[in-house]
Every structure is written in structure tokens, then in C-alpha cells.
Amino acid sequence: MDNQSQFFYSSIFKISISPKNYHFSSLDWAFKLICEKSGFTYSHIQGHLKPLNQNKANGLTTLKETYFPELSYSEIMTVGDSPNDESLFDKNLFPMNVGVANIAKYLDRLEHQPGYITNLSESDGFCELVQLIIRVC
């Protein structure tokens with residue numbers, strides 16, 4: 001970081017900048033500030049900054065009400081594998097919801113827990129669910 005940039009960051013953000021702590025302290029601070037004003041969610045492969053009230057449940061609810069108003073929420077099964085799918089595990093909205101096995105490592109961070117968790121992870125977990133549905137139906 002050049003001297004002018006260092007002065008700017010130090011005077012505006014009131015943080016101590018040194019080669020040792022610059023990279024993490026200012027970036028962490030900026031990221032924390034952005035996340036407080038916006039929303040943040042993540043999956044096992046990516047992170048998302050988003051409006052606070054934006055989530056997959058709101059999107060699915062809008063889709064259902066707009067294009068499939070005849071369906072009840074008890075006829076919809078939601079499936080997820082990461083924290084960005086958490087809203088789909090809200091049993092008050094979607095009583096039939098499933099997490100594939102890799103969701104297990106995030107369970108301690110989720111307010112809404114999946115109603116069922118497959119034995120297998122990722123696409124194999126989804127295929128496990130589909131095979132179960134085919135057998136039952």
C-alpha cells in the first residue's frame with residue numbers, strides 16, 4: 001500500500017495499518033460493515049452479498065403464488081445442501097424439506113433445520129432422494 005492510501009485508510013477508518021495487519025484488518029472491517037448493511041449467505045462453494053430480506057424461500061413463495069396458486073405448501077418439497085438454502089428448511093413455510101448429507105456440517109449454524117437428511121452428499125444425495133420418491137410413488 002502506498003503512503004497516500006495508508007494515510008487515507010488510517011485517518012478515515014481509525015485503524016492502525018501495518019504490512020502485517022493491513023490485508024486482514026481493513027478488508028475484514030469493510031466486509032463486516034457491508035454485511036451489517038446488507039445480507040450475507042454462503043454455500044460450500046460461494047458467498048453472496050444480498051438485500052437483507054432476499055432468500056430462496058421468498059423467491060419460491062413468489063413463484064408459487066404467481067404461477068402455481070393451486071398448489072398448497074404441503075405439496076412442495078424443498079431440497080438444500082448449504083446455509084444459503086436455510087430458508088427452504090422453514091417448516092412453517094415448507095413442511096416437506098430435505099437436506100442432502102453435506103448440510104450436516106452446517107447444522108449448528110442453522111436456525112431452520114432440515115426435516116430429513118439424506119445419507120449421501122451433493123448430487124448423490126439428491127439422487128438418493130429421487131430414488132426414494134420413485135419407490136414410494
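Nothing in this text is a laboratory measurement; each read-out follows from the coordinates by a stated rule. Bear in mind the structure is a predicted one, so any value in this text is a computation, not a measurement. Cβ: placed from backbone, ideal geometry, glycine included. Neighbour counts: every protein chain shown.
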Legend entry - Hz values of 3J(HN,Hα) by residue in region 88-102 - Karplus curve (6.51, -1.76, 1.60), Gly and Pro given as x: 6, 8, 6, 5, 5, 9, 10, x, 9, 9, 9, x, 6, 3, 5
Inset, instruction - May I ask you to derive the FRET efficiency for Ala101 and Arg135 from their Cβ-Cβ distance with R0 = 22 Å, giving the value to the nearest 0.05? - result: 0.70
Legend entry - Sparsely packed trypsin sites (Lys or Arg not before Pro) within region 70-137, loop by DSSP, other Cβ within 10 Å at most 15: Lys91
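Taking the Cβ of each residue in Ile117, Ile134, Ile76 as the centre, tally the other Cβ atoms inside 10 Å and list the residues starting with the fewest. It would help to have the intermediate numbers written out before the result.
Numbers: Ile117 15, Ile134 8, Ile76 18.
In order of increasing Cβ crowding within 10 Å: Ile134, Ile117, Ile76.
Starting from region 72-114, pick out the GluC sites (Glu not before Pro) whose DSSP state is loop and whose Cβ has at most 12 other Cβ atoms within 10 Å. Walk me through the numbers before you get to the answer.
Working: sites: Glu75, Glu86, Glu111; in loops: Glu111.
Listed in order of number, the matching sites are Glu111.
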